[in-house]
1. Considering Met123, Met164, Met130, Met117, which residue is away from the ligand (no atom under 16 Å from the Cβ) and open to solvent by less than 40 Å² (accessible area, probe 1.4 Å)?
2. Within the stretch 251-307, can you find the residues that are surrounded by 24 or more Cβ atoms within 10 Å (Cβ to Cβ), within 13 Å of the ligand (Cβ to nearest atom) and within 16 Å of the chain's Cα centre (by Cα)?
3. Among (1) open to solvent by 10 Å² or more (accessible area, probe 1.4 Å); (2) at negative phi; (3) not β-branched (Val, Ile, Thr), which single condition is Ser325 missing?
4. Inside the stretch 96-123, can you point out the residues that are more than 18 Å from Gly48 (Cα to Cα) and assigned to a helix (DSSP H, G or I)?
5. What is the number of the single condition among (1) farther than 19 Å from Lys275 by Cβ; (2) in a helix (DSSP H, G or I); (3) open to solvent by less than 40 Å² (accessible area, probe 1.4 Å) that Ala141 does not meet?
6. If Glu579 satisfies every condition in (1) at negative phi; (2) surrounded by 14 or more Cβ atoms within 10 Å (Cβ to Cβ) but one, which is the exception?
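The values are calculated or read from the model by the stated rules, or taken from the named source; none is laboratory data. These numbers come from a predicted model, not from an experiment. Glycine gets a Cβ as well: all are built from the backbone with ideal geometry, and neighbour counts include every protein chain shown. Accessible surface areas use protein heavy atoms only, side chains included; no ligands, DNA or RNA. Shrake-Rupley method; radii C 1.70, N 1.55, O 1.52, S 1.80 Å.
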Amino acid sequence: MADYQAPLRDIRFVLNEVFDAPNFWASLPGVADNVDPDTADAILEEAGKITAGTLAPINREGDEQGCQWNDGEVTTPEGFREAYKTMAEGGWVGLGGNPEFGGMGMPKTLVAQFEEMMQGANMSFGLAPMLTAGACVALDAHGSQELKETYLPKMYDGSWTGAMDLTEPHAGTDLGIIRTKAEPRDDGSYSITGTKIFITWGEHDMTDNIIHFVLAKLPDAPKGPKGISMFLVPKYDVNEDGSLGERNHFSCGSLEKKMGIKASATCVMNFDGAKGYLVGEPNKGLMAMFTMMNYERLGVGVQGLGAAEASLQNARDYAMERTQSRAPTGPQEKDKAADPIIVHPDVRRMLLTMKGYVEGGRAFSTYVAQWLDVAKFAEDEERRKQGDAMVALLTPVAKAFLTDRGLDACVIGQQIFGGHGFIREWGQEQLVRDTRITQIYEGTNGIQAMDLMGRKVVANQGKYFELFAKDVAAFIEENSDNDALRPYLGQLAAALERLDDVTETVIKQAGENPNEVGAAAVDYLDLFGLTALGYMWAMMVKAAAPKAQDDTSGFYTGKLKTARFYFDRLLPKTVSLAEGIRSGSGAMMAHSAEEF
Ligand SMILES: Cc1cc2nc3c(=O)[nH]c(=O)nc-3n(C[C@H](O)[C@H](O)[C@H](O)COP(=O)(O)OP(=O)(O)OC[C@H]3O[C@@H](n4cnc5c(N)ncnc54)[C@H](O)[C@@H]3O)c2cc1C
């Protein structure tokens with residue numbers, strides 16, 4: 001199993017050479033004072049060291065040991081408690097946090113790179129800082145000043161973690177039917193009662209306090225999603241002087257035994273009249289939770305990306321060392337009994353498919369992060385609104401496309417190992433098991449696709465989509481004279497036109513038949529993702545081409561060759577996806593229940 005290496009060379013390429021991040025940051029008032037190129041570079045360097053040096057080494061052992069439950073207490077695998085302390089001391093949990101409450105105020109474009117490294121090194125562990133950072137986003141956006149002052153500094157500095165408690169035994173996707181209740185108390189707080197399941201890091205021994213963000217219903221709440229409120233429910237209440245007070249009335253009933261991310265605790269949480277504080281307005285909790293989830297969704301997409309990078313590193317090393325059979329064109333290493341498997345076209349197909357998705361995915365997550373920064377920090381209100389629209393449109397694509405391709409990359413990597421990929425020793429089977437959940441939690445990928453197709457495209461008649469299409473079209477137009485890009489711009493323009501045409505078709509069909517949205521959704525999201533990555537690869541060609549001539553490292557020439565593979569072998573998948581979508585919902589809805 002290859003040791004995880006932080007992909008700093010490629011991260012720096014994407015940030016500095018493709019997106020010109022230093023100038024972008026300098027243009028944003030809330031960011032310009034917090035980060036300059038040297039600071040950003042030092043952060044990346046340290047992130048590489050801590051993720052590869054502290055988190056990766058406890059990944060395998062963590063999977064072996066898992067978390068242990070004993071009478072409501074949860075013990076984490078060896079090294080996890082110390083690792084969380086190390087991360088806390090380095091300020092990593094509050095990297096993107098609000099400086100007013102002790103966060104470091106770094107832009108998402110930078111934070112996303114750290115997150116990728118953390119998730120690639122150790123996904124089970126990475127969930128704790130990720131959920132904590134997401135909880136802080138929701139609290140910062142919707143909490144009262146008092147709640148923010150009490151909780152944010154301790155969460156940013158890593159003293160306490162955050163957990164999000166939405167799911168109940170009978171309510172996962174459909175949160176409108178949750179049963180957890182919140183009764184007002186005389187002192188202005190609430191009494192929370194109910195059972196939540198699948199709560200990640202709901203209980204553990206890594207920090208002294210755990211702050212739960214719980215969805216519950218007030219006594220007079222309207223039925224459905226419009227009757228949900230959000231409550232902050234600390235494991236230990238906090239005294240006025242900041243010290244920890246009484247143990248709250250809730251506990252971890254058990255841990256789930258699961259397929260992957262075994263080192264993370266997935267908890268059943270029983271709330272029995274627990275003291276909670278309302279965050280945001282009554283009955284508007286789902287909106288508050290979505291603030292956190294929108295941020296998390298890119299985070300989960302980045303989990304898929306991180307795992308895909310780890311798989312690529314493993315498989316690339318293995319393909320260069322493992323010798324089997326001769327190259328179709330004759331022996332390449334005559335002194336050996338067989339050639340390294342990297343000579344075989346099919347092994348190259350697998351490696352390049354991974355590389356195409358990983359490097360394209362890294363650029364795409366940075367592109368989405370850039371829009372998140374625009375939405376949050378841009379000076380001009382119109383520009384912030386544009387950022388909001390792009391984030392709304394692109395977030396489901398980032399979550400679902402990056403995790404679908406992430407799992408693909410882990411399975412492909414496993415395939416490159418042959419039978420050894422199925423064996424524990426090489427790490428591939430853990431990657432496959434760990435990454436599978438990313439397609440399911442934070443809203444299944446099917447639901448992400450429905451969100452994209454239904455709410456973000458059809459509901460506004462393609463208004464957000466046009467913003468994205470214009471961005472790609474402007475790039476094509478601006479670079480029409482670029483010799484290096486010319487071979488690709490035609491293919492990119494054709495893919496964009498295909499996506500545009502399908503978008504129009506589905507909007508029209510949806511007006512006639514409500515089943516069309518759901519029938520098109522998953523394939524549409526794939527078509528969108530492939531086209532978006534085509535755009536990313538074109539941007540990368542633009543940045544790499546001028547440097548490729550004198551390149552002795554192989555970095556820039558490799559980039560151009562991977563771009564060629566992407567355009568020749570992966571982007572054409574858009575043709576069959578478009579064809580399938582155009583056929584409509586008929587074949588899907590024709591069966592009666594018996595016919596299944
Ligand atoms: C390891 C792990 C960690 C988790 N961590 C957390 C956590 O920290 N906090 C938390 O609150 N939850 C957490 N979850 C829960 C997770 O978010 C849910 O499992 C997920 O949202 C799906 O809900 P469900 O399991 O009830 O599936 P269901 O909602 O029952 O869905 C079943 C299937 O039906 C499909 N479906 C449902 N409704 C529709 C529809 N309208 N249209 C089309 N298809 C539909 C779904 O896509 C899915 O394929 C975690 C789960 C796991 C396994």
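1. Every option except Met117 fails the conditions.
2. Ile261, Met292, Glu296, Arg297, Gly299, Val300, Gln303
3. (2)
4. Pro99, Glu100, Phe101
5. Among (1) farther than 19 Å from Lys275 by Cβ; (2) in a helix (DSSP H, G or I); (3) open to solvent by less than 40 Å² (accessible area, probe 1.4 Å), Ala141 violates only (3).
6. (2)
Residue-by-condition table, conditions (1) closer than 19 Å to Thr266 by Cα; (2) open to solvent by less than 30 Å² (accessible area, probe 1.4 Å); (3) away from the ligand (no atom under 16 Å from the Cβ); (4) in contact with a Gly (Cβ under 7 Å, 6 or more places away or on another chain):
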| site | (1), (2), (3), (4) |
| --- | --- |
| Pro169 | yes, no, no, no |
| Asp174 | no, no, no, no |
| Pro184 | no, no, yes, no |
| Asp187 | no, no, yes, no |
| Ile192 | no, yes, no, yes |
| Thr195 | yes, no, no, no |
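Each row is one residue, and each column tells you yes or no for (1) of a type in the set (A, V, I, L, M, F, W, C); (2) over 26 Å from Ala141 (Cβ atoms).
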residue: Lys196; (1), (2): no, no
residue: Asn209; (1), (2): no, no
residue: Leu215; (1), (2): yes, no
residue: Gly253; (1), (2): no, yes
residue: Lys257; (1), (2): no, yes
residue: Ile261; (1), (2): yes, yes
residue: Leu278; (1), (2): yes, no
